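Here's the structure, in C-alpha cells; my notes come after.
The values are calculated or read from the model by the stated rules, or taken from the named source; none is laboratory data. Everything numeric here is computed off the predicted structure, so don't read it as measured data. Positions of Cβ are generated from backbone atoms using ideal geometry, with glycine treated the same way; all protein chains shown enter the neighbour counts. Ligands, DNA and RNA are excluded from the accessible area calculation, which covers all protein heavy atoms including side chains. Shrake-Rupley method; radii C 1.70, N 1.55, O 1.52, S 1.80 Å.
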Number of protein chains: 2
Amino acid sequence: MPLKTPRNENFAKLTAGYLFPVINQKKKDYLAANPNASLISLGIGDTTHPLPAAVSDAMASYSKGLGSQEGYEGYDPKCESTLKEKIASVLYNGMIKPDEVFVSDGSKCDIGRLQLLFGTKATVAVQDPAYPVYVDSSVIMGRSGLNNPETKQYAGLTYMPCTPDNGFFPDISLAKDSDIIYFCNPNNPTGACATKPQLESLVNFAKEHGKVIIFDSAYSSFITDPACPKSIYEIEGAKEVAIETTSFSKLAGFTGVRLGWIVCPAELKFADGTPVKNDLGRIMSTLFNGASSVAQQGGIAALDNINQVMDIVKYYLENAKLVRETLDSCGIKYYGGDNAPYIFAHFPGRDSWDAFEEILTKCQVVTTPGFGFGPAGQGFVRISAFGQRENVVEACKRLANHFKK
Amino acid sequence: MPLKTPRNENFAKLTAGYLFPVINQKKKDYLAANPNASLISLGIGDTTHPLPAAVSDAMASYSKGLGSQEGYEGYDPKCESTLKEKIASVLYNGMIKPDEVFVSDGSKCDIGRLQLLFGTKATVAVQDPAYPVYVDSSVIMGRSGLNNPETKQYAGLTYMPCTPDNGFFPDISLAKDSDIIYFCNPNNPTGACATKPQLESLVNFAKEHGKVIIFDSAYSSFITDPACPKSIYEIEGAKEVAIETTSFSKLAGFTGVRLGWIVCPAELKFADGTPVKNDLGRIMSTLFNGASSVAQQGGIAALDNINQVMDIVKYYLENAKLVRETLDSCGIKYYGGDNAPYIFAHFPGRDSWDAFEEILTKCQVVTTPGFGFGPAGQGFVRISAFGQRENVVEACKRLANHFKK
C-alpha cells in the first residue's frame, strides 16, 4: 500500500533529472552502443590533475594518525579553526574574519543549506544560463510554479539573460521583485567574469532594494584579469548584502575529497536585526556535522602550498587556451576560457542538445549542452578545460578535423 | 541597512541553540572559571578509540594515491558501488539491495535532507526524549508552531513519551494524526532498544495508516540482545513504510571522518505511485555531491575488518558496564547501557540541568541533561560510554565518591 504521507509536490515540477547524471548516462549509453569508441570527457567539470604531494601527504599522514591514540580525533577536529584562519588570510587577505567562515563539504550542499535561511515566500532571480543547482534547489523548496513548456522557464523565478549582446552581464534591474539574487562569477557555464564596476552595480542594486546576493565564486581561482574581483567582498558595502559560497573542488582538485566554505559577514542582517550568520550557524550545527577531518587537513595543506595549487589552475587554463585556439581555427565563436575553466562555444540557431550530439558522435568528445544551464544557453555548448593535457590535445585535434572549414 | 529578504521565521521558534554546542559552551565556561579542573567528558557522544590500523591505513594509502595520476579521482569515486554492496551484504546480510543504499556524509545531514522528501503540510511524531535533530529540523522546515513555555513542546508536533512506566516504548497510536514517525532505535538518549514484537507493532501501525517511519539505527551495532532487531527491515512489511538512516560514526569511530548511509527500499511509494527513492535520488544528486572519497575507502576497510571494528564497540560497552556498576553501587536507578552506549540515569523530581550542574561541579564530569532531548527527559541525565578506559574509570570513581550513600 502506498504512503499517505504527502510527497513534496515540488519534485513533480522538475522537468528532468539533475543535469550531470543525465550527461553521464548519455555517455554510458553511447559507450554501450559503441564499445570501441575512445570517448574524451570535457563534459562534467571534473578535475583530473593529481594533488600536490604536500596535500596528499598531509591527508595520508593525518589518516594514518587516526589509527593511534595521539592522532585520533572525533567531532570538531582541532584543525577547523586553523582552516578558517587560513581561508581568511590566504584567500581573502584579511578582508573577512575567520568566524565569518563556515567550513563545509562543498558548494552544492551549501547552496541547498542556504535555501533554509529564507522564508518560504522569498523569491529568486538567477543568471540565465547558470549552474543548475540555484534553480533546482529553488524549485524543490517551493519557490517556483510549474515549468512553462514554451519558454522552459519555471513560473515565479526571474531569469536574467546573459548573452553575447550584454557581454554576459545581465540587466540586474530584472531582479526588482526578487528577494534572493544568485550570481555565479566567473559564470558557469559561460566563463564570463564580471568587472569591478559591474559588481558594484550588482551590490548597489541589492543595497538599494534590501536584497540578498548568494555569490558563488567556486571558479574565482581561475580569474587572471586584474580588473575582475575574485571575491564580492572586494566591493564596498557587499558585506551588508552578500553571502559568498565557494569550494576547494576547482581551486585545489578536491571534487572527490569534498571541502568548501561559506562566508557570511557579521554585517548581514535580517529586518528584525538578527544577523544572518546566527541562523546559518544554527543550520550548520543542526543539519550538518562538519567537513571530513581528513579533507580539512588537505585544505590546510593546500593553502600552505598555494603556489603549487595555483600551478594546477594554470595547467587547466593552458588547456582552455588550446580549446580556444582550436575553436578560433574552426571559425567557431566562443566566450570564456580566459578567466574560467569553461569555454562557451556558440552554434547560432542550433539546438544545444543537437550540437552536443554532433560533437559526441562525430568527435567522440563529451561536452555539456548550454540549454542544460537555462533557456538562454540554447545554441551553446560548454566545453570544460578540466582534463589531462594529452586528452585535451586529442579532443582539440578531433574538433578541428570535424569542424575545420 | 538590513535585508528586506524574509527570514525563515521558523528559526525564531527555536528556543535554544542546538543541544551539543550548548553543552560544549558550558564545559568551556566551567574550565574558564576553574582552569585547574580536570574535566572528563561523558557528554557529547563522541568516539575516542583509535581506528583499526586496517582502516586508517586504507585511508592513508588512498590519500597518498591522490597525489599520483593513477590514484587520482574526482567526482564519483569508483569505490562507491563497492561500498554500497558491502553495506548491503555485511550489515544487512542481503536483506536490502545495493541500489537502495544512498551513501552520505552522516546521519545528521541525512535527517535534514530527508525532510525535503515530504510536503510542507506533513506532520511529525517523535519519541520523547530523542535525538534533538528530528524536532529541530522539523521546526526549521515549518512543521511546527511555537514552543509552549509551560509544556516546552512545539505546537503541531506529536510527542510520544518514552518513560520507565512504558519500558521506554511509546504508545504508537499517539501518532495517529502524524504523517512521519521518527524512531531512534536503540534510542538516544534512553539507551532503550525495542524488541521484535514492539517493532512489529510500529510497522503494522504505519502500514495500516499509510505513514512513513524514519528509522534511525545509528547505534544498532551496540545491540547485544538477540531479541532486538538491528534493522527495521528485519520486520515483515517494513520496506513499504520505512526509511532507515544510519552511520559509520558510532559503528566505526567515524565521527570526524564523516560517513553514513540511508536505505530507501524500492517498495516505498507515495500515493501517486512515485517510488520515494526516485525523489531521494534527486535530492542526493542535486543538493549533495557524495561522501568524501577518503571516507568511503575507510568505510570499505571497516566492513572488510568488521570484527576489529566490533571489538571497539565491545570496548565501549565495557565502559558502559563500569558506569552501570557505579550507578548500582550508588543506588541510582538507570536505564540503557546494555544495547546502547548511553546510560540514562534517573534523578526523580530533579531538574535535568540541575543534576547536570551537580555532576559537573562536584565530580568534574560532563554529562547531558535528559531534558535537552525532550520534555519527558526531565529528571534524567545521559551518561555516554564513549571515552578512554582510564577516563571512564576515573569518572566512575568520582561519581561513586560523590553519590555513594
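In the range A:105-125, the residues that are more than 7 Å from chain B (Cβ to nearest Cβ) and in a loop (DSSP other than H, G, I, E, B) form Cβ pairs under 7 Å with partners that are open to solvent by less than 10 Å² (accessible area, probe 1.4 Å) and hydroxyl-bearing (Ser, Thr, Tyr), at six or more places apart or across chains, as follows: A:Thr123/A:Ser178. B:Thr15 - would you say it is at the interface with chain A (Cβ under 7 Å from one of its Cβ atoms) and of a type in the set (S, T, N, Q)? Considered against the rule, which asks whether it is at the interface with chain A (Cβ under 7 Å from one of its Cβ atoms) and of a type in the set (S, T, N, Q), B:Thr15 comes out as no.
Taking the range B:209-255 as the range and being part of a loop (DSSP other than H, G, I, E, B), at the interface with chain A (Cβ under 10 Å from one of its Cβ atoms) and either basic (Lys, Arg) or touching an Asp or Glu at 6+ places or on another chain (Cβ under 7 Å) (or both) as the test, the residues that pass are B:Lys211, B:Thr255. Of all the listed residues (B:Ala340, B:Ala345, B:Ala395), the sole one being touching a residue at least 24 places away in the same chain (Cβ under 8 Å), out of contact with any strand residue (DSSP E or B) (no Cβ under 9 Å at 6 or more places or on another chain) and crowded, with 20+ Cβ neighbours inside 10 Å is B:Ala340.
Total residues in the range A:68-101 satisfying the condition of being within 14 Å of another protein chain (Cβ to nearest Cβ) and among the aliphatic types (A, V, I, L, M): the figure is 1.
The number of residues in the range A:281-295 being at the interface with chain B (Cβ under 9 Å from one of its Cβ atoms), touching a helix residue (DSSP H, G or I) at 6+ places or on another chain (Cβ under 8 Å) and part of a helix (DSSP H, G or I) comes to 7. For the criterion of being at positive phi and either of a type outside the set (Phe, Trp, Tyr) or surrounded by fewer than 20 Cβ atoms within 10 Å (Cβ to Cβ) (or both), B:Asp46 fails.
Condition first: in a loop (DSSP other than H, G, I, E, B) and either at the interface with chain B (Cβ under 8 Å from one of its Cβ atoms) or hydroxyl-bearing (Ser, Thr, Tyr) (or both). Now tell me which residues in the range A:25-67 satisfy that. Talk me through it step by step, then tell me what you get.
Going residue by residue through the range A:25-67, those that are in a loop (DSSP other than H, G, I, E, B) are A:34-39, A:42-52, A:66-67.
Those that are in a loop (DSSP other than H, G, I, E, B) and either at the interface with chain B (Cβ under 8 Å from one of its Cβ atoms) or hydroxyl-bearing (Ser, Thr, Tyr) (or both): A:Ser38, A:Ile44, A:Asp46, A:Thr47, A:Thr48, A:His49, A:Pro50, A:Leu51, A:Pro52, A:Leu66, A:Gly67.
Checking each residue in the range B:227-248 for being of a type in the set (Gly, Ala, Ser) and either open to solvent by less than 10 Å² (accessible area, probe 1.4 Å) or in the same structural domain as B:Thr47 (by TED's automatic domain parsing) (or both) picks out B:Ser231, B:Ala238, B:Ala242, B:Ser247.
Can you tell me which residue is nearest to B:Thr82 (Cα to Cα) among those in the range B:257-270 that are touching a residue at least 60 places away in the same chain (Cβ under 8 Å) and in a loop (DSSP other than H, G, I, E, B)? Before you say what the answer is, go through the steps one by one.
Keep residues of the range B:257-270 that are touching a residue at least 60 places away in the same chain (Cβ under 8 Å), which gives B:257-266.
Checking the rest, the ones that are also in a loop (DSSP other than H, G, I, E, B) come to B:257-259, B:264-266.
On the way: B:Val257: 18, B:Arg258: 18, B:Leu259: 14, B:Cys264: 18, B:Pro265: 18, B:Ala266: 20 Å.
Looking at residues that are touching a residue at least 60 places away in the same chain (Cβ under 8 Å) and in a loop (DSSP other than H, G, I, E, B), I get B:Leu259.
Within the set A:Asp128, A:Asp179, the sole residue that is open to solvent by 10 Å² or more (accessible area, probe 1.4 Å) and not assigned by TED's automatic domain parsing to the domain that holds A:Gly45 turns out to be A:Asp179. B:Ala16 meets the conditions (1) within 24 Å of B:Tyr342 (Cβ to Cβ); (2) assigned to a helix (DSSP H, G or I) in every case but one. The failed one is (2).
Of all residues in the range A:134-151, which are touching a Phe, Trp or Tyr at 6+ places or on another chain (Cβ under 8 Å) and not small (Gly, Ala, Ser)? Once the filter is applied, which keeps residues that are touching a Phe, Trp or Tyr at 6+ places or on another chain (Cβ under 8 Å) and not small (Gly, Ala, Ser), the range A:134-151 yields A:Tyr134, A:Val135, A:Asp136, A:Val139, A:Ile140, A:Leu146, A:Asn147, A:Asn148.
Anything in the range B:286-308 that is closer than 24 Å to B:Leu114 by Cβ and open to solvent by 30 Å² or more (accessible area, probe 1.4 Å)? List them, or say none. Of everything in the range B:286-308, just one residue is closer than 24 Å to B:Leu114 by Cβ and open to solvent by 30 Å² or more (accessible area, probe 1.4 Å), namely B:Asn289.
Residues of the range A:198-208 that are more than 17 Å from A:Ala130 (Cβ to Cβ) and touching an Asp or Glu at 6+ places or on another chain (Cβ under 8 Å): A:Glu200, A:Val203, A:Lys207. For A:Asp105, the stated conditions do not hold, so it cannot be described as in the same structural domain as A:Gly290 (by TED's automatic domain parsing) and at positive phi. Restricting the first member to the range B:149-175 and to residues that are in the same structural domain as B:Pro186 (by TED's automatic domain parsing) and modelled with pLDDT of 95 or more, and the second to residues that are open to solvent by 50 Å² or more (accessible area, probe 1.4 Å) and among the small types (Gly, Ala, Ser), the beta-carbon pairs closer than 9 Å and six or more apart or on different chains are B:Phe169/B:Ser201; B:Ile172/B:Ser201.
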